[in-house]
């Protein structure tokens, strides 16, 4: 592959393999109600949004989506944009063009029109929204197009390949990690990266993947989320992906939710 690595796969398989099949079976058996997708997507959307500093409370957003409670537009617009992106992802296969459209949807009230769905052409540092602390420097602008080309080539290969459950979770998390490290858009990268991870899982595993509460798990463990990103290093061209295992292990732990 061009940018993803299987160097940690054997160690990951030994740690994450036990329980994944049983947990997915529970998801299939539990979330059979017609309204389950809207509820659990609401939780995914608002927790992913809160990682990025959105102020709306989780309970309030669920009331807004499930019980149609009205709130001020400035509280609901950006989460609702992300919700539409999840609906779009559920209804479309994962491709680079479909993902660009999902980014356009989720940034409707975040970026100007000419920046939605298009890769950035400027330098980018990634900051933790709660503290404002710089986490790392994203891929230099002149590398973004090529790095994303390699990532999409790898994603396409994986989507065409037969993968075990352990490999599916491993590569879903690795795709998420590499995407966030590249940080290809002017904004919305964190939300888009977590959606990309879930979208890959759903294309490989089916509808049950949409009920994995990975976004909620990352929100509950947001300090660990950023710490595990930091383990790789500060500068994109010097990142050490042999230190990625703690980040990759967060996704299977989300099954415990």
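Readers should treat all values here as calculations from the given coordinates under stated rules, not as data from a laboratory. The structure displayed is predicted, hence computed values, not measured ones. Ideal geometry is used to build each Cβ from the backbone, glycine not excepted, and the neighbour counts take in all protein chains shown.
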Classify the range 1-85: rounded, prolate or oblate, from the alpha-carbon gyration tensor (a ≥ b ≥ c, eigenvalue square roots; a/c under 1.5 rounded; otherwise prolate if a/b is larger than b/c)?
oblate
Mean separation of Cα contacts under 8 Å (6+ apart) over length of the range 163-236, as relative contact order %
28
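When only C-alpha pairs under 8 Å and at least 6 residues apart count, what is the relative contact order of the chain, in percent? Kindly include the intermediate steps, with their values, before the conclusion.
On the way: 334 pairs, mean separation 69.5, N = 257.
Relative contact order, the chain: 27 percent.
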Between residue 122 and residue 35, what FRET efficiency comes out of the Förster formula 1/(1 + (r/R0)^6) with R0 = 35 Å and r the beta carbon distance, rounded to 0.05?
0.25
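Let me make sure I get this right: for the range 9-256, a, b and c are the square roots of the gyration tensor eigenvalues over alpha carbons, sorted descending. Under 1.5 in a/c it's rounded, otherwise prolate if a/b > b/c, else oblate. Which is it? Let's see the in-between values first.
Values: a/c = 1.41, a/b = 1.04, b/c = 1.36.
Taking the square roots of the gyration eigenvalues as a ≥ b ≥ c, the range 9-256 is rounded.
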Taking alpha-carbon centroids only, the range 135-192 lies from the range 34-100 a number of Å equal to 22
Take each of the peptides 72-84, 150-162, 185-197, average the number of other beta-carbon atoms within 10 Å over its residues, and list them starting from the highest.
185-197, 72-84, 150-162
Residues in the range 198-230, backbone N under 20 Å from the label point at residue 28 (7 Å along the Cα-to-beta-carbon vector): list them, ranges by number please.
198-214
Only helical DSSP H runs with n ≥ 4 go in: add -39500 (n - 2.57) per run for the chain, normalise by residue count and round the 222 nm mean residue ellipticity to 500 deg cm²/dmol.
-18500 deg cm²/dmol
Normalised by the number of residues in the range 120-257, what is the relative contact order in percent for Cα pairs under 8 Å and 6+ residues apart?
27
Please list 210-222, 115-127 highest first by mean number of surrounding beta-carbon atoms within 10 Å per residue.
210-222, 115-127
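Let a ≥ b ≥ c be the square roots of the eigenvalues of the Cα gyration tensor of the range 1-143; is it rounded (a/c under 1.5), or, if not, prolate (a/b larger than b/c) or oblate? Intermediate values should be presented prior to the final figure.
Working: a/c = 1.61, a/b = 1.02, b/c = 1.58.
Oblate shape, in that a/c is at least 1.5 and b/c is the bigger or equal ratio.
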Placing one equal point scatterer on each C-alpha of the range 92-179 and summing with Debye, one gets log10 I(q)/I(0) at q = 0.16, 0.21 Å⁻¹ equal to -0.84, -1.25
Fully extended contour minus Cα-Cα distance, from residue 230 to residue 15, at 0.36 nm per residue
75.2 nm
